[in-house]
Structure formats: C-alpha cells, structure tokens
Amino acid sequence: MIRSHRIRLNPTPEQANYFARAAGTRRFVFNWGLAEWKRQHEAGEKPSALALKKQFNAIKEEQFPWVYEVTKCAVEGAFIDLANAFKSFFEGRKAGRKVGFPKFKAKKRSREGFYVANDKFDVSGHWMKLPHIGLVNMTEKLRFHGKILSARFTEQAGWWFVSIAVEMPDPLCVQQPGRVGIDLGIYHLAALSDGSVLENQKPLRDLLHTVRRLNRSVSRKQKDSRNREKARLKLSRLHYRIACIREDYLHKVTTLLAEQYGFIGVESLNVKGMMKNRALAQALGDAAFGTFNRFLSTKVEARIGKVQAVGRFYPSSKTCSCCGQVKAELTLAEREFVCDTCGFTLDRDVNAAINILNEALRLSASSP
Ligand SMILES: [Zn+2]
C-alpha cells in the first residue's frame, strides 16, 4: 500500500529560489518535449518520451547548460510527465472519452513543481536533506514509516510543499460487518440509511463570504500591479485554508464510516449538484463530492471492504424505500418523502440513502 504525506516547507529564500528554478526547468523541458513531439509527429515519425529524453540529454550540455544548476530529476520528471500525459491522452481516446491533446505548461496556469527520486534525499525528523541546497525545514514530521519512494515538490498559495510517497505493508484487517447507504446532499453533507445525518460545517460557510469579498478586492485592483498580486496571494491562501478545513473534515467522516461499515453504497455522480448550479458554494460542494468518494473508497478498500457506486440514472430520491413505487415528481423544496401509494413518510435524504444501499446491494450481488 502506497501512502503520501504532503508537508509544508519552510525554505530559506535561497532554497525557495532553487525550488522555483527546478520547477522552471521541469516546465521548460516538458514544453521542449511536447514541441518536439508535435514536430516529429507532423514529419511522419513516431515520437516517444524515452527517445525524446535521449535526444534532449545529447544536446543539453551544449544548448541548455543551465539545467545542470538543479537536480537532474527535474529533467527526468519532465519526461515522465510527458509520457503520462500522452498515455492518458491515447487511452482516453481509445475508450471514447473526450480528452484534450497535452497542453504546454504556462507559468501562471499550471501548478509549479518537480519531483526528486528517493536516492537523492533523506528525511529525518523535521528536516529533509537535498543535494545542492542542504537541509530544508519541514513544518511536520513524516507521518508514515516504510520505504520512501519519491518526493514531489509543488507550489501553492505562495508556499512550497513536499509530498512524500511511502510504501507500507498492507494492514491485516477483518472486514466490518455493517452495511450502509450514503446520500450526499446540499442541505446536509450526507444522510445515512440508518437515519443519521452528517451536517455541513458552519465555519466553511462563513469563510465563503470572505472569499467573495476578496474576489471583489482582487478585481478592483489595477491589472499587473503589486497590490493586485498581494490581494491574489491573500485569496489563494484563503482558498488553501478552506481546502484544508474541508479535507480534514472529510477525512474524519470517511475514517469513521470505514471503521464501522464493510459495505457502503454511494452515488457515482453528483446529480443533484448538476441540477442546481449555485456558483461558488456549489463548486466547492462538487469538489467535496469527488473527494468524499475517493477518501471513502481508499479507506474501505484498505480494510477489505467494498464501496459500490450506484448509476447516475437511478432515481434514489423519487423511489419509495418501503414499497418501491417511483414518484413522477419530487421538487427540491419537499424535504419529506411521502409515498402516494403506501403512505410511507421519511426524511427525503434518508429515504434516498436507503434506496442507494438497496440498489448497491443488488448491483453487488449481480456482479461481485
Ligand atoms: Zn411506498
């Protein structure tokens, strides 16, 4: 089992400068490789990331000597990224998905970063030792113990982070006997088929007002001015803080669920979210939906349980969990589900959660 721990760094200005140069090198090399790929492809050749890497290594000393100023992993990582970009492009196209051709990385648009192989660094306590720049302070100790596989450095909200991947022995677990269906919602974070309801966090809603205020403040400042840059950094730090609070909460909730239930039914897509498009709050809700399912699957599967997704066209809200009758109409304002056929009455989200569990059990039985 591979786990990653993302840790914020406290680099000195020189070290931060080195990180920026390494990230710039990786971006440059990626773009060089992509341009060369396009050129070779148009000339009727069959380009590959491996061949391009050899080609680059042959000319770098003469044409791009500055790549030697940073770790050679920055160059290698660029070609790994290039190979992965084309792999997902070709695989996606084969599977009939709409995937765009790999894009050039722009400094402003793409997240800056680079990767370092495990034989190039050491971790001890709050310190990380790297070639060229020595000891870099970490705000936390590495949480996982095991074989360190790699480190990925990324910049976010004006800070540098390292994500360290660690290979750990698979835990020996007994599958939990409990079964539950989960309905993720707008009003509550989630309703469970056992009747309990998990609330959304209030602090998050308050912070959303601050986001709106800072958004306005950024757009009021003059373009490309120093003040706009400052306001933008303030905004991205707030976004980072919101993401941390939300992730922390989602981690706590999904751990609790995975510790209790060995079989969990969920919806595969946020259908309700797609029906109701409420700009900012909704965008955050949508992101939380995917993260919730991802966290939950990882944790339940690590405990040899199963998360079964229910198809997006399954009418979980409109179906009566008592008699199975499907309602023709159910507005979002109706918080209570009342069955026209059998008179069964229940909280609408709990009713949906029960249906999700039943449908998940049916799907799981037909394709184990
Ligand atoms: Zn009914």
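Data for the structure
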quantity: Sites matching GluC sites (Glu not before Pro) across segment 1-69 that sit in DSSP coil, with at most 13 neighbouring C-beta atoms within 10 Å; calculated: 45
quantity: Label-point separation in nm, residue 137 to residue 204, each point 7 Å along Cα→Cβ; calculated: 3.2 nm
quantity: Computed E for residue 341/residue 240 - FRET, C-beta separation, R0 41 angstrom, nearest 0.05; calculated: 0.25
quantity: Computed log₁₀ I(q)/I(0) - Debye formula, equal Cα scatterers, no solvent, segment 26-182, q 0.09, 0.12, 0.19 Å⁻¹; calculated: -0.43, -0.71, -1.24
quantity: Between helix 202-220 and the chain: long-axis angle, C-alpha atoms, 0 to 90°, nearest 10; calculated: 50 degrees
quantity: Cross-link reach list, lysines versus residue 120, counting only Cα pairs under 17 Å and skipping chain neighbours closer than eight places; calculated: 72, 129, 147
quantity: Point-to-point label distance, residue 126-residue 219, nm (Cα→Cβ direction, 7 Å offset); calculated: 4.2 nm
quantity: Additional length obtainable on full extension of the chain from residue 152 to residue 98, 0.36 nm per residue less Cα span; calculated: 16.6 nm
quantity: Pairwise centroid distance, computed over Cα atoms, of segment 231-257 with segment 51-71, Å; calculated: 39 Å
quantity: Neighbourhood net charge (13 Å Cβ-Cβ; Lys/Arg +1, Asp/Glu -1) for residue 359; calculated: +2
quantity: Ordering of 346-359, 87-100 by burial proxy (mean other Cβ atoms within 10 Å per residue, highest first); calculated: 346-359, 87-100
quantity: Which of 108, 147 has the fewest Cβ neighbours within 10 Å, and the rest in rising order; calculated: 108, 147
quantity: Of 103/299; 60/107; 108/299; 105/306; 60/141, pairs whose Cα-Cα distance is over 26 Å; calculated: 103/299; 108/299; 105/306; 60/141
quantity: Computed helical MRE - 222 nm, the chain, DSSP H runs ≥ 4 contributing -39500 (n - 2.57), nearest 500; calculated: -16000 deg cm²/dmol
quantity: Label-to-label distance, nm, for residues given as residue 329 and residue 3 (7 Å Cα→Cβ offset); calculated: 5.2 nm
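Values in this text are rule-based calculations from the coordinates and carry no lab data. If you're wondering where the values come from, they're calculated on a predicted model, not measured in any experiment. Note: ideal-geometry Cβ built from the backbone for every residue, glycine included; neighbour counts use all protein chains shown.
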